[in-house]
There are 4 protein chains.
Amino acid sequence: MSDSGGFLSQAGAEGGESKPIGIGLLGYAFMGKAHVNGYRTLSYMTWPSPLQPRLVSIAGRNEQAVSAAATRFGFERYVTDWRDLVADPEVELFDNSGPNNLHGEPTVAAAEAGKHVICEKPLGRTAEESYEIWQRVAKTGVKHMTAFNYRFVPAVRLAREMIDAGELGDIHHFRGRYLQEWGPTDAEAWRFDSQAAGSGALGDLGAHVIDLSRYLVGELDSVAASTRTFQPGREVDDAFEAVADFENGAVGTLEATRFAAGRKNALSWEINGSKGSLAFDLERLNELQWSEGTSGFRTILVSEADHPFWQWWWPHGHVIGWEHTFVHELRHLLDAIADDTDVAPHGATFEDGYRVAEVCDAILRSAESGQRERITYR
Amino acid sequence: MSDSGGFLSQAGAEGGESKPIGIGLLGYAFMGKAHVNGYRTLSYMTWPSPLQPRLVSIAGRNEQAVSAAATRFGFERYVTDWRDLVADPEVELFDNSGPNNLHGEPTVAAAEAGKHVICEKPLGRTAEESYEIWQRVAKTGVKHMTAFNYRFVPAVRLAREMIDAGELGDIHHFRGRYLQEWGPTDAEAWRFDSQAAGSGALGDLGAHVIDLSRYLVGELDSVAASTRTFQPGREVDDAFEAVADFENGAVGTLEATRFAAGRKNALSWEINGSKGSLAFDLERLNELQWSEGTSGFRTILVSEADHPFWQWWWPHGHVIGWEHTFVHELRHLLDAIADDTDVAPHGATFEDGYRVAEVCDAILRSAESGQRERITYR
Amino acid sequence: MSDSGGFLSQAGAEGGESKPIGIGLLGYAFMGKAHVNGYRTLSYMTWPSPLQPRLVSIAGRNEQAVSAAATRFGFERYVTDWRDLVADPEVELFDNSGPNNLHGEPTVAAAEAGKHVICEKPLGRTAEESYEIWQRVAKTGVKHMTAFNYRFVPAVRLAREMIDAGELGDIHHFRGRYLQEWGPTDAEAWRFDSQAAGSGALGDLGAHVIDLSRYLVGELDSVAASTRTFQPGREVDDAFEAVADFENGAVGTLEATRFAAGRKNALSWEINGSKGSLAFDLERLNELQWSEGTSGFRTILVSEADHPFWQWWWPHGHVIGWEHTFVHELRHLLDAIADDTDVAPHGATFEDGYRVAEVCDAILRSAESGQRERITYR
Amino acid sequence: MSDSGGFLSQAGAEGGESKPIGIGLLGYAFMGKAHVNGYRTLSYMTWPSPLQPRLVSIAGRNEQAVSAAATRFGFERYVTDWRDLVADPEVELFDNSGPNNLHGEPTVAAAEAGKHVICEKPLGRTAEESYEIWQRVAKTGVKHMTAFNYRFVPAVRLAREMIDAGELGDIHHFRGRYLQEWGPTDAEAWRFDSQAAGSGALGDLGAHVIDLSRYLVGELDSVAASTRTFQPGREVDDAFEAVADFENGAVGTLEATRFAAGRKNALSWEINGSKGSLAFDLERLNELQWSEGTSGFRTILVSEADHPFWQWWWPHGHVIGWEHTFVHELRHLLDAIADDTDVAPHGATFEDGYRVAEVCDAILRSAESGQRERITYR
């Protein structure tokens, strides 16, 4: 094990206000790697951070793999049972980057052990499970965050700020979709297993679209949806399509699919308001398209000094990548912990995770019933 | 009145096979102008045409306006009652470019008088009306065409040919939308009057999306939809959103709105198949986006010598415009008349017009009922 | 021969002010077809035109071909010797759409016979020849136009208007290029023959770039250039590249090539000024990219009612094509003839044709000498 | 000072092959920050690296600032005189991220002290200075790299691999430009001082264009150029434009400017070959445009598992940013040091830095002389 604690918990540049916070990470695959990179990078790029991540412990079932991950990523130790992470007194923030069926129990246990918690999306596999996670964690008083990282794309935050400032006027439409193309392959088999994943494209990709629709437009009133499983033998949806009615009168579509050949990672949305329109595509995540009134779309390369998050990066035009969303997200969480401020509205709480799950459930119900389904919260 | 018959009915270059066909046009506004330009242009650009349009007579209620239109566009005479057009023995093709509430009666009368007919979309204001038009016209044996001109965009025809050739494999998704921005204005007031227009964005814009979905993907099985009227006091929809289930298992979305600031004339669609994807946007109508498998999208500038319709135009890369769709459409109709061949499948018949109307009705029913509505045909 | 004179010379709608003007056309290939379409279309689309083109006579050496063209395009008669066109008293406007080596003598003869003249570009094959054509024609007092049709793209005219209004401030850069890809083929062999064509990509494509640089930025002071002939055995350049110094202090590049695989008809330019930048690409000719200051580029879909030329066309967003440049250009010429106004500044005169030729010659001299060559006018 | 050595020099995952390499960094501004981020990130993302950067010492003249930088970035110590860096026995790799006038002496001193060296571009302020740096460093036998980081954009490397594989055939054209917009401001004043910077846009931006032209197309034969200083009172060029003749017969343009409003960081190039064309724009650095033959341009989102550098990052479609070029570049250098392999051809050596400087000098000479200037090497 390497001792990275020293570096990562170093004193802040301005008066020694920075102090370490012990991180315990569950999972070392795709999401685990993205979160670690977030912690490591924020420690010197978002300078000065009020809390400096100290990579205390990482948990995984395969000892050889988790041991290698600990070495590579600089954790002080590793464990093969997440319960040891929860029991570790030096872990102050529990980061759940594990598969969906490991979201609930460990996260609740960690919170009940007094640790702040961040959990990958979807929070639970169903609205019911998500609700229970939220409720039990909320009772403990710790900070909780659902890792809807796309709220932390600078262009998305800028869009939210423009909407908050009234620049779009009344919102008429939201058109959100998350298109990927790897559905025909058998990569990451757990994602097709209903017990492990809960749902397919819906929970994996659609949850992001739903979260952004709530973040940018507001609460959903109802959905009417269809789902498809194109690949024989799969238990989960490969795609869904939904009409979404919003409480504020806007109407739009929500979609996700793993069967859109040529679309690599195309989370895109468009919002039409009475005063203008915004459009975004994750494959060009540094760009926000903005039509002021009917003037036509202007490409804002979101990288100016006064753009969200940009004070931490480079001269304008020197664009950032997908991974930076985690840097911003985790720094936001550390700020909330350090200052005891709300994770909401810019960060997604477990309540947000639960609310997205209710929409997901309503989409599945509608696909089954053939009825437009109201979104109701417990 | 000028005598344009001479020019327009001139002999073909190759053996004098071309003969004149008398055109009677109802309407001289936006659509009338587009149709006239189509007739005039096809007569020398799509050379040699088996039939040469002879602009016999134009009908409109305002004598001063219709008289001026006749002069401008080169009709031999004008009338202020469409019945005179129907009664005119020199009119062989009746072109109905009038408002929606004048689609039914004149068109049926013309067909029953033995004239071939083309009618602007939507065919009728309801499925019932459309059905009756279709049935009565079909009985007469004349050629009939619903003017879904976007089938005649070279890129759209090319897409259809690629799909027919199996290049996309199984179709998984169709994502079609027609976005315009002029909804907040009061231009063309008849379009907001339910008696005159039948519906709003649905019949005006959505009908095109539905027609293209049928042309490119196949018959719809069911729809689940919502509509909106954003502008107070309007009788018709300003927008609709629908989930569409296709008979072949594809699933997608259909949308139209007049409230998308910044979108001028954005009829766009994307099709994802098991072997590749296609995408199109009317604002860049010369381009077809094609991802062969997951290779990424290539811009086909549809203007090569072997592309659809291109034998009539220019060296490749010398792009055409929106109006050219009418040139292709009307030439297609003249070919069907001259050769006594079917207008379908590339041209939309009145049956197609009726079938689109059934989908429109189902969308309105679903918006009302909150249920996914099956598309059934009488 | 058909009698189209009746139609094309019909009275104007508003007070009978319109009168016919007899057109004599030399050439029936690519350019001839484009010009005919321009005359025919402007007669009813740019309504009311002060002069109505009457297609009197067309000239070509191959009798069978020119006869067929006359029939197809609606000319009253044809001739196989251009001198008969010049001698025809009913020809009032002589349109030279022939190959480059037929630009000089017929055009001068027509003007000296009192006919207005329009000549395809390049005006002459050399500056010397162009100068003589200009001088001799100017002496006659007829209207003369060099057919630099890209000045009549609505987006280009809009750019010029914005520059004239000071919206770009001081111009710093012009970056113009015309890229095509058909160089490796042997189509249109006369274009590779130095006697017939004068130069290759330079006179054919580069002349357009040079003309637009003068139209948009101002006179050139000097050029430093290289040329290439990639295909063995050709007498003319396949490509040139030049650094251009403008009199007003701007600096930029001029380029043309027939060897840019994937570029179909890519005449593109970008202008950077102290207050903003404009960019254009002919393959998307309906779009003008405009960055107001450093705000980022906005896509202006040049099709609003108040955009140049748009009063003649369609509702906004219903885009036009390449061929429409000729409609605008020829209407501009008819206006100048009817009203006895200057063809300049929006239309290119023979002086403009000559000045472009001086720049072309300087480019060839510089390629040869290895020196930056000043542009001087006789 | 924190002790990050432990972390950064940790053993490799596969057999303990990794060993630490001590880094001494001169400069802590824009480039220094980018290099530090490169070292820190490569240590766990490009896993396993044969050498693990150990951040030994950082040098800067302002003690308060360099001390803060050392704390922030995790250096073990700091110095205010670069000579102390050179004298430090624990510094094994000297990284010169200082201003241009500090490139020569410290870099040579470090190499002569036996340290490997990487130096920001331009290597020297003139060809003469660059030549001396190269010659003196080459004699020492250490590894040397000029930090032309854009060679390490995945799309650029992929382009090079395609060209090497003959996929473009013979290269006809290279069209390279680097456009920025901040020229009218007075940020970073040293960049306008000829003693400190050597040249303006030429050395700062143009050097990148020239380097990529050599990397992708080959050696330049001659240039013909103009320069401009738009802002009164500046000693250096704000822009240059050049025609470039390549030894292999290709011809093209090279440009750089700081006066292109709306262009944030637009390093773009296009290459036309006999078998296809490639195009790139740094503002969309994850995309490579590829026209196979004349098929039209396809967007390759360079993020597939088999794309250059991508084995280190994320699932395909999860795009990276500007800063990642430094991760790739520095890892490349560490590989060369660890394995004693050549930095060339994918990395730029000091010879490459010198050769670019010769081209820069020739551009300045040509702008002065008005002659096409041959590129010759000492």
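Exactly one residue among D:266, D:256, D:260, D:338 is hydrophobic (A, V, I, L, M, F, W, C) and open to solvent by 10 Å² or more (accessible area, probe 1.4 Å), and that residue is D:338.
Scanning the range A:66-85 for residues that are aliphatic (A, V, I, L, M), without any contact (Cβ under 8 Å) to a residue 40 or more places away in the chain and more than 10 Å from every other protein chain (Cβ to nearest Cβ) gives A:66, A:79.
Residue by residue through the range A:31-48, note down the ones that are of a type outside the set (A, V, I, L, M, F, W, C) and at the interface with chain D (Cβ under 10 Å from one of its Cβ atoms). Walk me through how you get there before you give the answer.
Here is the first cut: in the range A:31-48, the ones of a type outside the set (A, V, I, L, M, F, W, C) are A:32-33, A:35, A:37-41, A:43-44, A:46, A:48.
Result: A:33, A:37, A:40, A:41, A:43, A:44, A:48.
Quick check on the range D:236-244. Is at least one of its residues more than 12 Å from chain C (Cβ to nearest Cβ), touching a Lys or Arg at 6+ places or on another chain (Cβ under 8 Å), open to solvent by less than 10 Å² (accessible area, probe 1.4 Å) and in a helix (DSSP H, G or I)?
First pass over the range D:236-244, keeping only residues more than 12 Å from chain C (Cβ to nearest Cβ): D:236.
Pick out the ones that are also touching a Lys or Arg at 6+ places or on another chain (Cβ under 8 Å) and you get D:236.
Filter once more, so that each one left must be open to solvent by less than 10 Å² (accessible area, probe 1.4 Å): D:236.
With the extra rule that they be in a helix (DSSP H, G or I), the set shrinks to none.
No; the residues of the range D:236-244 include none that is more than 12 Å from chain C (Cβ to nearest Cβ), touching a Lys or Arg at 6+ places or on another chain (Cβ under 8 Å), open to solvent by less than 10 Å² (accessible area, probe 1.4 Å) and in a helix (DSSP H, G or I).
Scanning the range C:255-271 for residues that are over 17 Å from residue C:225 (Cβ atoms) and among the aliphatic types (A, V, I, L, M) turns up C:260, C:261, C:266, C:267, C:271. The single condition from (1) touching a residue at least 40 places away in the same chain (Cβ under 8 Å); (2) open to solvent by less than 20 Å² (accessible area, probe 1.4 Å) that residue B:331 fails is (2). Among the residues of the range D:45-97, those that are among the polar types (S, T, N, Q) and either open to solvent by 10 Å² or more (accessible area, probe 1.4 Å) or closer than 27 Å to residue A:69 by Cβ (or both) comprise D:46, D:49, D:52, D:62, D:64, D:67, D:71, D:80, D:97.
Every residue in the range C:347-370 that is touching a strand residue (DSSP E or B) at 6+ places or on another chain (Cβ under 8 Å) and either in the same structural domain as residue C:108 (by TED's automatic domain parsing) or hydrophobic (A, V, I, L, M, F, W, C) (or both), please. Even if it seems obvious, please write down each step before you answer.
We begin by selecting, within the range C:347-370, every residue touching a strand residue (DSSP E or B) at 6+ places or on another chain (Cβ under 8 Å); these are C:347-350, C:352-353, C:356, C:359, C:362-367, C:370.
Hits for the range C:347-370 are C:348, C:350, C:356, C:359, C:362, C:363, C:364, C:367.
Check whether at least one residue in the range D:118-131 is among the hydrophobic types (A, V, I, L, M, F, W, C), over 26 Å from residue D:270 (Cα atoms) and assigned to a strand (DSSP E or B), and report yes or no. Within the range D:118-131, one or more residues are among the hydrophobic types (A, V, I, L, M, F, W, C), over 26 Å from residue D:270 (Cα atoms) and assigned to a strand (DSSP E or B).
Of all the criteria given as (1) modelled with pLDDT of 95 or more; (2) open to solvent by less than 10 Å² (accessible area, probe 1.4 Å), the one not satisfied by residue B:247 is (2). Every residue in the range D:341-350 that is closer than 20 Å to residue D:211 by Cβ and surrounded by fewer than 20 Cβ atoms within 10 Å (Cβ to Cβ), please. Within the range D:341-350, D:342, D:344, D:345, D:346 meet the criteria. In the condition set (1) at the interface with chain D (Cβ under 8 Å from one of its Cβ atoms); (2) surrounded by fewer than 24 Cβ atoms within 10 Å (Cβ to Cβ); (3) assigned to a helix (DSSP H, G or I); (4) at pLDDT 95 or above, residue A:6 is compliant with all but (4).
For the condition modelled with pLDDT of 95 or more and aliphatic (A, V, I, L, M), residue B:13 does not qualify. Scanning the range D:187-205 for residues that are away from every other protein chain (no Cβ under 14 Å) and among the acidic types (Asp, Glu) turns up just one, D:193.
When the residues of the range D:165-186 are narrowed to those that are within 13 Å of chain C (Cβ to nearest Cβ) and over 30 Å from residue C:179 (Cβ atoms), which ends up surrounded by the most Cβ atoms within 10 Å (Cβ to Cβ)? Write out each step before concluding.
From the range D:165-186, those within 13 Å of chain C (Cβ to nearest Cβ) are D:167-185; that's our starting set.
If we keep only those that are over 30 Å from residue C:179 (Cβ atoms) as well, we get D:184-185.
Numbers: D:184: 14, D:185: 10.
Looking at residues that are within 13 Å of chain C (Cβ to nearest Cβ) and over 30 Å from residue C:179 (Cβ atoms), I get D:184.
Considering (1) in a strand (DSSP E or B); (2) open to solvent by 10 Å² or more (accessible area, probe 1.4 Å), the lone condition that residue B:230 does not fulfil carries the number (1). Looking across the range C:284-321, the residues that are within 14 Å of chain D (Cβ to nearest Cβ) and open to solvent by 30 Å² or more (accessible area, probe 1.4 Å) come down to C:284, C:289, C:292, C:294, C:295, C:298, C:299. Of everything listed in (1) within 14 Å of chain A (Cβ to nearest Cβ); (2) open to solvent by 10 Å² or more (accessible area, probe 1.4 Å); (3) over 25 Å from residue A:34 (Cβ atoms), the single unmet condition for residue D:112 is (1).
Are any of the residues in the range D:309-320 under 30 Å from residue A:28 (Cα atoms), hydrophobic (A, V, I, L, M, F, W, C) and free of Cβ contacts under 8 Å to residues at least 24 places away in the same chain? Step through it out loud before you land on a result.
From the range D:309-320, those under 30 Å from residue A:28 (Cα atoms) are D:309-320; that's our starting set.
Now narrow it down to the ones that are hydrophobic (A, V, I, L, M, F, W, C): D:309-310, D:312-314, D:319-320.
Of the ones still in play, those that are also free of Cβ contacts under 8 Å to residues at least 24 places away in the same chain are D:314.
Yes - at least one qualifying residue is present in the range D:309-320.
Give me the residue from the range C:269-283 that is among the acidic types (Asp, Glu) and open to solvent by 20 Å² or more (accessible area, probe 1.4 Å) and, out of that set, farthest from residue C:41 (Cα to Cα).
C:281
For the condition surrounded by fewer than 24 Cβ atoms within 10 Å (Cβ to Cβ) and assigned to a helix (DSSP H, G or I), residue B:214 qualifies.
Would you check if residue D:128 is within 14 Å of chain C (Cβ to nearest Cβ) and open to solvent by 10 Å² or more (accessible area, probe 1.4 Å)?
On the way: within 14 Å of chain C (Cβ to nearest Cβ): no; open to solvent by 10 Å² or more (accessible area, probe 1.4 Å): yes.
No, not satisfied.
The values are calculated or read from the model by the stated rules, or taken from the named source; none is laboratory data. Keep in mind it's a predicted model, so treat the numbers as computed, not measured. Using ideal geometry, Cβ is built from the backbone for each residue, glycine included, and neighbour counts are taken over all protein chains shown. Accessible surface areas use protein heavy atoms only, side chains included; no ligands, DNA or RNA. Shrake-Rupley method; radii C 1.70, N 1.55, O 1.52, S 1.80 Å.
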